[in-house]
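Report on the structure given below.
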Amino acid sequence: MRDLVEFGMGRTARRTYELEDISIVPSRRTRSSKHTSTAWQIDAYRFEMPFLNHPTDALGSPESVIALGRLGSLGVLNGEGLWARHDDVEAKIGELIDIAENDPDPAAAVRRLQQLHAAPIRSDLLAAAVSTVREAGVTTAVRVSPQHAPELTPALLEAGLEILVVHGTIISAEHVTLVDTGSEDGLLAEPLNLKTFISDLDIPVIAGGVHDHRTALHLMRTGAAGVIVGYGSAEGATTTNEVLGIGVPMATAIADAAAARRDYLDETGGRYVHVIADGDLHTSGDVAKAIACGADAVSLGTLLAASEEAPGRGWYWPSAAAHPDTPRGALLQVAPAEGRASLQRVLTGPSDDPDGLLNVVGALRRSMAKAGYADLKEFQKVGLSVRG
């Protein structure tokens, strides 16, 4: 039964919950954290940790996604990011960070980010970045937006793509965009039918973000192997709520998507679609609660931005921050130069941090063990409480 609140005559809204509003309830049985598994498998690809990176240039250089892959997670390149547009990306990011640190105008860095993303996508640079990841021997995943998926995917497949991520702030099963017909008719509204698009591919597709049960269920029906819940939100970096007025608290959004997964499983007689949480995951405790709400894996943002391997050098911005006319994010410093840790330490420790910023997988294992569960699917059954 939904918890509805009346806030005016004839208007009601659903009461929803952030991850910080809930807590995991341990059971009477506990186990050693050494006897837990955080392994995650999507299609034919298995990972020892249920982690991806949010597909932003602040996190996803070819080198950093290779490092993620070697540690047992899934690294995702941004197929429309700086590595697909510029030869000297490190210098461009250095310039961007210098503006963020020294320019008194808080919008100056966003303007420069928009300018950098205004450069055309170069197929040679994109292919080179994808090939670099593929040749390193880790699973190769690339993010594209719905509007550019048809034109970019063939070249990505040729370069060795293994998992395609169709990702936007908000995505639906049918994305309508304007295309140039090249005739006197001018622009024409043409839908990208994800079901048709996905059925023509021989690789798994992860699609999102979604925020409610109905949209998640529709996206699952397209044949997607995974559905992303959220849009990489991070307090201080993401402004989608402020700009568009759109936002669903993550605990509720994940639980709704998990319910859609269950309904789709019944509807198809056994096809399982993975739910991937992407947003408001700032500590290892948030990661544990996201999986407890029903996520199979999580897409990390600020936690990875604090690593030495992250190309953002301690700064984080979501992929939507570079939108050419309606940016929905800003640059956020999450760790000073002297405060960054290795990616391995962020993910697997050891940790001397009491705030849940290091040894994310170790904390997840311990949370599972304290609640008495041995693997991620079991952990989704754990009891939860809501703060009064």
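The values are calculated or read from the model by the stated rules, or taken from the named source; none is laboratory data. What you are looking at is a predicted structure, and each value in this text was computed from that prediction instead of being measured. Quick reminder, even Gly has a Cβ in these numbers, built from the backbone with ideal geometry, and neighbours come from all protein chains shown. Remember, those area values only see protein heavy atoms, side chains included, never the ligands or the DNA or RNA. Shrake-Rupley method; radii C 1.70, N 1.55, O 1.52, S 1.80 Å.
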In whole Hz, what ³J(HN,Hα) sequence does the range 63-79 give by Karplus (6.51, -1.76, 1.60; θ = phi - 60°), x for Gly and Pro? 5, 6, 6, 5, 4, 4, x, 5, 8, x, 10, 10, x, 10, 7, 8, x
Dimensionless Rg ratio for the chain, taking C-alpha atoms and the 2.2 N^0.38 Å reference: 0.96
Rank by packing, highest mean first: peptides 353-360, 341-348, with packing defined as the count of other Cβ atoms within 10 Å averaged across residues. 341-348, 353-360
Largest first and rounded to whole Å, the semi-axes √(5λ) derived from the alpha carbon gyration tensor of the range 37-152 read 28, 17, 13
For VAL229, enumerate residues with amide H under 5 Å from its amide H, sequence gap 5+ or separate chain, H modeled in the peptide plane. VAL210, ILE276, ALA277, ASP278
So, with a 1.4 angstrom probe, what is the percent of accessible area on the chain that is carbon and sulfur? 48
I'd like the trypsin sites (Lys or Arg not before Pro) in the range 1-39 restricted to DSSP loop residues with at most 13 other Cβ atoms within 10 Å, sorted by number. ARG2, ARG15, ARG28, ARG29
Along each of the three principal axes of the Cα atoms of the range 242-374, give the extent in whole Å, ordering the values from largest to smallest. 52, 45, 21
Under 5 Å, built H, 5+ apart or other chain: amide partners of GLY247: none
So the number of lysine pairs in the chain with alpha-carbon atoms under 30 angstrom apart, 8 or more residues apart or on different chains, is 9
Tell me what the chain gives for mean residue ellipticity at 222 nm when only DSSP H runs of n ≥ 4 count, each as -39,500 (n - 2.57), the sum divided by the residue total, rounded to 500 deg cm²/dmol. -9500 deg cm²/dmol
Most packed first (mean Cβ within 10 Å per residue), the peptides 44-54, 154-164 order as 44-54, 154-164
Phi angles of the range 38-53, converted by Karplus (6.51 cos²θ - 1.76 cosθ + 1.60, θ = phi - 60°) into ³J(HN,Hα) in whole Hz with x for Gly and Pro, give 10, 5, 9, 10, 10, 6, 8, 9, 10, 10, 6, 10, x, 10, 10, 9
Round to the nearest 0.05 the FRET efficiency obtained for GLU151 and ARG70 when R0 = 30 Å and r is the Cβ-Cβ distance. 0.45
Per residue, how many Å² of accessible area does the range 1-129 show with a 1.4 Å probe? 53
Under Karplus coefficients 6.51, -1.76 and 1.60, residue-wise ³J(HN,Hα) of the range 4-15 in Hz, glycine/proline x: 9, 10, 8, 10, x, 5, x, 10, 10, 9, 7, 7
Between GLU95 and ASP355, the FRET efficiency computed from the C-beta separation at R0 = 25 Å comes out, to the nearest 0.05, as 0.20
Heavy-atom accessible area per residue - the range 348-388, 1.4 Å, Å²: 54
What spacing in nm lies between the two simple spin-label points modelled at GLU63 and ASP3, each 7 Å away from Cα in the Cβ direction? 4.7
Spelling it out for LEU192: with amide H atoms placed in the peptide plane at 1.01 Å from N, the residues 5 or more places away or on another chain with amide H under 5 Å from its amide H are HIS175, VAL176, THR177
Here the FRET efficiency for LEU244 versus ASN102, based on Cβ atoms and R0 = 41 Å and rounded to 0.05, is 0.85
